[in-house]
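Participant: Below you'll find the structure I mean.
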Amino acid sequence: MNSAKLIAINFILPLLIGVGFIFFNIYQENIPKYFLSIGPYLFYLLSIIVVAISWHFNRLKFIFALLPLVLLYISFGLLSKEHSTILYKLFSVVYPLHLLVFLLLQERGFFTIWGYLKILFFAIELGLIVWFIQFPNDLVLNLFHIKLFAFNLFPLSDISVAIGIFVFFIMLSITLFGHLLIYNTSFVVILITFYVGFYFVKVPHALEHSFIVISLIVLVLLVREAYRLAFYDELTSLPGRRALIEDMAKLGRKYSLAMVDIDFFKKFNDTYGHDTGDEVLKMVASKLANVGGGKAYRYGGEEFTILFPSREIDESYIHTDILRETIATTPFIVRGKKTTKRIFVNISAGVVQSDSKDSDPFDAMKRADNALYKAKQAGRNKVIKAK
């Protein structure tokens, strides 16, 4: 289960954008008319930017989160009032489910069988909506008149609200227990913003403002995703070497650092396979992520670095040794075809204090690496201070 702190951090940006939408609509009477008039053009511009960047980074998820809204907004301007009403009802049910599907589907690129299947799925969605608009079905339309709740959220139908609640709790569960929190939290806020916009559809500019906010959330999500890919390790979710180099450049004169390595990791991989080895890396990384007083990075392979800004070596040694003990006493279950085996993983570490003789933190890192080597020679599962 993800920590409440981590979830809250990932909610901050999309929520701030969403709250901005609410205040914008409350005080829109004080906003110059010419600014309100450019709303549709701003929405189209943001959508083009998102699609262009998503195409460049091979990210279908972002395109399919936004493209339905673009087509919907264009359709509202072209269809008759009767057809627009039917489209509104259908879209209020289809889009939340559409968001959930594309949140759950993994990114596998455009020009793959999975990419083609996603495009086909979207085409079927559009085809069904167009069919029901052109040939309204009483059985389908009657679903929007079913009363499920004591309260009334008109113009939203009860069936739409019920589906929205269902999708919201599924997304919330994924947020609590799943990976890639930047996706999960953003999609939750997109869902809420969509329903708020649809609920206030009769308020001037409310719908287009909600779509602008959604496009902004998706654009920010794209930027955050690009940052994650550049600075975070995909397997362990720890910051990677590039992030380490950036943060080392920000260190003051006083700091300490530790080099950490998993003991006998090659032998473990040869015995149990690389898939199980990856799980060990993730388990160790999850413990490293919670190290006291410092920040952990994946340096490469089974080796990690911990920076302790403004910390003395004795304090960093204590935190590192607590980490070593925590990992050593945490059982790891290896599941075979017929049996399961309970094993324990150990780490060794070398800790070093910054020195005036170091020309840069990389010199300190070399000394920490030498201390790590001594910990290995001393029997492993040890933390040694560098001199």
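What follows draws every value from the coordinates through simple rules; no lab data is involved. This structure is a prediction, so every number in the text was calculated from the model and none was measured. Cβ coordinates were reconstructed from backbone atoms using ideal geometry, including for glycine residues, and neighbour counts include every protein chain displayed.
Participant: Determine, for each peptide in 108-115, 147-154, the mean count of other beta carbons within 10 angstrom over its residues, then list the peptides with the highest first.
Facilitator: Values: 108-115: 12.4, 147-154: 8.9.
Order by mean packing, descending: 108-115, 147-154.
Participant: Suppose every Lys and Arg Cβ carries +1 and every Asp and Glu Cβ carries -1, with no other charges. What dipole size does the stretch 273-337 come out with about its Cα centre, to the nearest 20 debye?
Facilitator: 300
Participant: Could you work out how much longer the chain between A52 and R253 gets when fully extended? Use 0.36 nm per residue separation minus the Cα distance between them, nm to one decimal.
Facilitator: Once the chain is fully extended between A52 and R253, it gains 68.0 nm.
Participant: Then there is this: Just need the relative contact order of the chain here, percent rounded to a whole number, with Cα pairs under 8 Å and 6+ apart.
Facilitator: 15
Participant: Still on this structure: What percent of all Cα-Cα pairs in the chain falls into each 10 Å bin, going from 0 up to the bin containing the maximum distance?
Facilitator: Calculated P(r), rounded to whole percents: 4, 19, 24, 19, 15, 12, 6, 1, 0.
Participant: Exposure proxy check: V188, V345, V101 ranked by fewest other beta carbons within 10 Å?
Facilitator: The order, fewest Cβ neighbours first, is V101, V345, V188.
Participant: Arrange the following residues from fewest to most other Cβ atoms within 10 Å of their Cβ: R228, R241.
Facilitator: R241, R228
Participant: Over the Cα atoms of the stretch 149-210, how large are the radius of gyration and the largest Cα-Cα distance (Dmax), in Å?
Facilitator: 13.2, 39
Participant: Follow-up question, since we're still on this one. Angle, helix 158-177 long axis vs. longest principal axis of the chain, Cα atoms, 0 to 90°, nearest 10?
Facilitator: Compared with the principal axis, the helix lies near 10 degrees.
Participant: So, one more: In which sequence would S256, S37, S47, S286 go, from the one with the fewest C-beta neighbours within 10 Å to the one with the most?
Facilitator: S37, S286, S47, S256
Participant: So for each of 229-240, 77-88, 258-269 I average, over its residues, the number of other beta carbons within 10 Å; can you give me the resulting order with the highest mean first?
Facilitator: Top of the packing list down: 258-269, 229-240, 77-88.
Participant: Now for a separate question. Let me know the shape class of the stretch 4-231, please: from the alpha-carbon gyration tensor, a ≥ b ≥ c as square roots of the eigenvalues, rounded when a/c is under 1.5, otherwise prolate if a/b is greater than b/c, or oblate.
Facilitator: rounded
Participant: Expected output is a single nm value to one decimal: the length gained when fully extending between Q28 and W114, i.e. 0.36 nm times separation in residues minus the C-alpha distance. What is it?
Facilitator: Between Q28 and W114, full extension yields an extra 26.6 nm.
Participant: Using the charge dipole of the chain (Lys, Arg: +1 at Cβ; Asp, Glu: -1 at Cβ; taken about the Cα centre), state which of G109, A289, G277 has its Cα farthest towards the positive end.
Facilitator: G277
Participant: Measuring from label point to label point, each 7 Å out along Cα→Cβ, what is the I38 to E315 span in nm?
Facilitator: Here the modelled spin labels are 5.0 nm apart.
Participant: Here is a further query. What is the angle, in °, between the Cα long axis of helix 113-134 and the longest principal axis of the Cα atoms in the chain? Nearest 10 is fine, range 0 to 90.
Facilitator: So the helix axis and the longest Cα principal axis differ by about 20 degrees.
Participant: Suppose the Debye formula is applied to equal point scatterers at every Cα of the stretch 342-387; what is log10 I(q)/I(0) at q = 0.21 Å⁻¹?
Facilitator: -0.64
Participant: Please report, to two decimal places, log10 I(q)/I(0) for the stretch 241-385 at q = 0.09, 0.12, 0.13 Å⁻¹ as given by the Debye formula with identical point scatterers on the Cα atoms and no solvent.
Facilitator: -0.27, -0.47, -0.55
Participant: With the dipole of the stretch 241-385 worked out from charges on the C-beta (+1 for Lys and Arg, -1 for Asp and Glu) around the Cα centre, which of A243, T340, N381 lies farthest toward the positive end?
Facilitator: T340
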